[in-house]
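The structure appears below as structure tokens.
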Amino acid sequence: MCVCNVLKHEVTFIVVPNDCIDALVCLGWKSFPLFPGLKLPWTSELQCLRRWEAGLCSPSRDFHRQLATVREVTATSRHYVDRLFDPDPQNVLQGVIDMKNAVIGNNKQKANLIVLGAVPRLLYLLQQSSSSLELRTECAVVLGSLAMGTENNIKSLVDCHIIPALLQGLLCSDLIFIEACLRCLRTIFISPVTPVQLLYTTPEHQMVLFNHGAIQNIAPLLISPSYKVRMQALKCFSVLAYENAQVSMTLVNVLVDGEQLSQVFARMMQRDKPIEMQLTAAKCLTYMCRAGAIRTDDNCIILKTLPCLVRMCSKERLLEERVEGAETLAFLMEPDIELQRIASVTDHLVSMLADYFKYPSSVSAITDIKRLDHDLKHAHELRQAAFKLYASLGSNDEDIRKKITETENMMDRIVSGLSESSIKVRLAAVRCLHSLSRSVQQLRTSFHDHAVWKPLMKLLQNAPDEVLVMASSTLCNLLLEFSPSKEPILESGVIELLCSLTQSDSPALRVNGIWALMNMAFQADQKVKVEIVRALGTEQLFRLLSDPDTNVLMKTLGLLRNLLSTRPHIDQIMSSHGKQIMQAVTLILEGEHSIEVKEQTLCILANIADGNTAKELIMTNDDMLQKIKYYMGHSNVKLQLAATFCISNLIWNEEDGSQERQDKLREMGFVDILHKLTQASDPSLCDRAKTAMQQYLA
């Protein structure tokens with residue numbers, strides 16, 4: 001890293017190699033790593049050395065080795081940077097050309113020049129309108145060459161704000177200069193260390209291209225005699241169509257030389273076409289299908305796209321092709337059960353994916369050492385892709401889930417995946433586990449046999465939100481009443497963890513935390529319910545009842561409904577928290593909430609009405625009784641039914657004080673309403689009203 005005064009001819013800096021020293025001092029009060037704790041405005045390494053020689057500061061370890069490196073860098077590379085500041089523009093141009101020749105294939109020279117501050121000066125020259133086009137173009141070429149070095153080079157370039165400078169260069173009218181800027185941008189953005197958000201990747205930016213005629217201008221390139229041109233056009237369409245319904249709908253109607261674009265894509269997936277072309281064309285049709293532009297039962301999807309993507313998963317394909325094929329196929333069939341069923345019986349896909357976990361094997365046919373080394377470093381991407389595809393395959397069909405879990409060592413592989421070092425693999429593994437956890441049979445067998453709740457709980461302790469959301473969703477299923485994992489999870493102290501999730505800033509985590517507590521409270525004993533209320537706290541419970549996210553509110557109401565079940569539990573909880581609960585119920589029934597929210601609230605009220613002593617909290621609250629009366633006459637049958645159920649519980653004959661309650665409700669006009677509801681067109685509401693009326697006649 002180097003900071004220079006690039007606007008002046010004279011450059012003042014201290015040279016510090018990246019691999020030796022953390023930072024360099026230049027033009028200001030900075031601390032120099034060779035001399036810890038000392039802050040001086042040094043302007044050259046010579047001043048630094050003089051202070052050391054005078055005994056004013058002490059060098060750190062390896063100083064002499066570092067100093068030798070500094071001198072080597074200075075001697076071999078500084079003259080290239082010095083020439084960038086020559087007052088003669090022609091000398092500057094020649095200096096840039098010489099620099100270009102010096103860095104080709106020489107990573108050490110590239111690193112040296114970056115350290116010496118060449119990048120800020122090159123960017124300055126590139127952006128100056130006074131610079132000749134030839135000079136600006138040569139600067140872009142050198143910057144592109146520097147970008148072809150190490151990832152540290154890329155980071156340094158990005159830190160110097162190279163991307164805005166290059167994007168600005170695209171506004172120039174000179175095509176040669178534009179091409180140099182584009183080549184440099186491409187090199188920078190194919191690096192994994194470059195923040196992709198720096199470039200156009202959002203739907204808004206897709207629409208900018210769309211609105212400026214990108215489709216009409218690019219479509220004819222699909223039949224270009226040049227393979228490279230056809231491929232770039234194809235790749236452009238795949239990017240434009242991704243999760244963009246408007247673009248996808250337009251693509252369906254585009255004709256290329258009289259042929260529909262979807263048919264052009266289908267032809268590009270034929271087996272005799274290059275793999276790269278087959279795969280990219282399949283991606284285009286996949287994205288158009290997911291955007292709703294092509295039906296999932298269209299022949300180009302069932303007979304062309306899906307089989308093509310399954311072929312890409314074969315062990316004969318390269319690692320990158322297998323990864324991209326599996327991930328695209330997972331995306332294609334994610335919401336469609338028929339595509340999942342077709343894929344599961346195509347070319348033994350389920351068992352084929354098992355090979356993803358064995359790659360590369362000890363008897364691998366790969367003879368290219370570089371390829372083998374590459375694949376060893378990226379084998380985790382195969383595991384990630386396999387988990388994603390298994391998750392998509394098993395998201396709906398019980399038979400497919402069974403087939404997946406019976407695949408060779410599958411559950412062990414998922415458990416191992418939950419603790420992999422790669423966060424992406426862990427996320428894909430937990431997605432796969434979540435998909436399989438929707439099966440009652442698997443919860444009772446495979447999940448119990450492999451104690452998957454243990455690594456899942458460990459994953460929940462310390463993970464990014466994206467992983468936490470999926471892991472907590474899976475935990476919700478493991479806490480269902482029929483899951484054998486529910487008891488050991490309860491004994492592990494999970495309640496505190498789930499309560500902490502309800503306080504998250506993420507609505508998804510709040511939903512999952514309260515959802516898991518709701519499942520845990522279902523038909524639970526009193527001890528568990530008391531512990532949930534204690535750990536959650538009444539303040540947090542009622543805060544969740546006013547949560548702006550409807551899903552959070554619904555699950556909180558579900559938790560409250562499960563807590564208020566069985567009479568002893570109802571009476572105990574209402575004796576401790578009845579006032580607050582009745583206030584929350586009132587606020588919801590009076591507020592602007594959906595039918596579903598109000599129905600759930602009335603069901604809670606019906607549970608309270610079923611308590612032995614708790615029902616008095618309703619009977620002594622005339623305002624609440626009037627609200628029940630209002631909802632019995634509501635236009636929505638669900639609300640009428642829930643309100644009538646509440647009244648039925650209040651007047652039930654077999655309970656103490658029923659006569660007094662019946663008399664009061666008769667005086668308030670409830671009998672007339674019940675009589676009217678016995679004529680209701682909805683059979684469930686009619687039956688419920690008749691049952692309530694019988695209590696008066698008994």
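The values are calculated or read from the model by the stated rules, or taken from the named source; none is laboratory data. Keep in mind that this is a model prediction, so the values were computed, not measured. No Cβ is skipped: glycine too gets one built from the backbone with ideal geometry, and neighbour counts run over all protein chains shown. The protein model used for the area step is the full one, side chains on, heavy atoms only, and it has no ligands, DNA or RNA in it. Shrake-Rupley method; radii C 1.70, N 1.55, O 1.52, S 1.80 Å.
Observations
- Within region 154-186, considering residues that are charged (D, E, K, R) and assigned to a helix (DSSP H, G or I), the one surrounded by the most Cβ atoms within 10 Å (Cβ to Cβ): Arg183
- Checking Glu276, Glu327, Glu316, Glu320 one by one, the residue that is of a type in the set (Asp, Glu), out of contact with any Pro (no Cβ under 9 Å at 6 or more places or on another chain) and outside any helix (DSSP H, G or I) is Glu316 and no other.
- For beta carbons closer than 8 Å, sequence separation of 6+ or different chains, a first residue in region 385-400 that is charged (D, E, K, R) and a second that is not in a helix (DSSP H, G or I), the qualifying pairs are Glu398/Ser439.
- Number of positions in region 509-546 that are basic (Lys, Arg) and touching a Ser or Thr at 6+ places or on another chain (Cβ under 6 Å): 1
- Considering residues of region 586-614 that are touching a Lys or Arg at 6+ places or on another chain (Cβ under 7 Å) and within 17 Å of Met574 (Cα to Cα) only, the residue most open to solvent (accessible area, probe 1.4 Å): Asn612
- Annotation note: of Gly611, Gly669, the sole residue that is on the phi > 0 side of the Ramachandran plot and in contact (Cβ under 8 Å) with a residue 40 or more places away in the chain is Gly669.
- Looking only at residues in region 542-552 that are in contact (Cβ under 8 Å) with a residue 24 or more places away in the chain and not polar (S, T, N, Q), the one that is surrounded by the fewest Cβ atoms within 10 Å (Cβ to Cβ) is Asp549.
- Scanning region 158-206 for residues that are modelled with pLDDT of 90 or more, more than 25 Å from the chain's Cα centre (by Cα) and more than 22 Å from Glu134 (Cβ to Cβ) yields Asp159, Cys160, His161, Ile163.
- The conditions of being touching a residue at least 12 places away in the same chain (Cβ under 8 Å) and over 26 Å from Asp336 (Cα atoms) are not met by Leu443.
- Listed conditions (1) open to solvent by 40 Å² or more (accessible area, probe 1.4 Å); (2) closer than 22 Å to Cys646 by Cα; (3) not acidic (Asp, Glu) are all met by Gln526, apart from (2).
- Lone unmet requirement of (1) farther than 20 Å from Ile154 by Cβ; (2) open to solvent by 20 Å² or more (accessible area, probe 1.4 Å) for Lys100: (1)
- Flag for Ala643 being crowded, with 16+ Cβ neighbours inside 10 Å, at pLDDT below 95 and under 52 Å from the mean Cα position of the chain (by Cα): no
- For region 498-509, taking the residues that are of a type outside the set (Gly, Ala, Ser) and open to solvent by less than 30 Å² (accessible area, probe 1.4 Å), the one that is farthest from Lys458 (Cα to Cα) is identified as Thr502.
- Taken over region 469-481, the residue count meeting the criterion of being touching a helix residue (DSSP H, G or I) at 6+ places or on another chain (Cβ under 6 Å) and either not in a helix (DSSP H, G or I) or not small (Gly, Ala, Ser) (or both) is 8.
- Within region 412-443, tally of residues that are among the polar types (S, T, N, Q) and either open to solvent by 10 Å² or more (accessible area, probe 1.4 Å) or out of contact with any helix residue (DSSP H, G or I) (no Cβ under 6 Å at 6 or more places or on another chain) (or both): 5
One line per residue, one yes/no per condition, for (1) touching a residue at least 24 places away in the same chain (Cβ under 8 Å); (2) polar (S, T, N, Q); (3) outside any helix (DSSP H, G or I); (4) on the phi > 0 side of the Ramachandran plot:
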{"position": "Asn112", "(1), (2), (3), (4)": "yes, yes, no, no"}
{"position": "Leu123", "(1), (2), (3), (4)": "yes, no, no, no"}
{"position": "Ser130", "(1), (2), (3), (4)": "no, yes, yes, no"}
{"position": "Glu138", "(1), (2), (3), (4)": "yes, no, no, no"}
{"position": "Asn152", "(1), (2), (3), (4)": "yes, yes, no, no"}
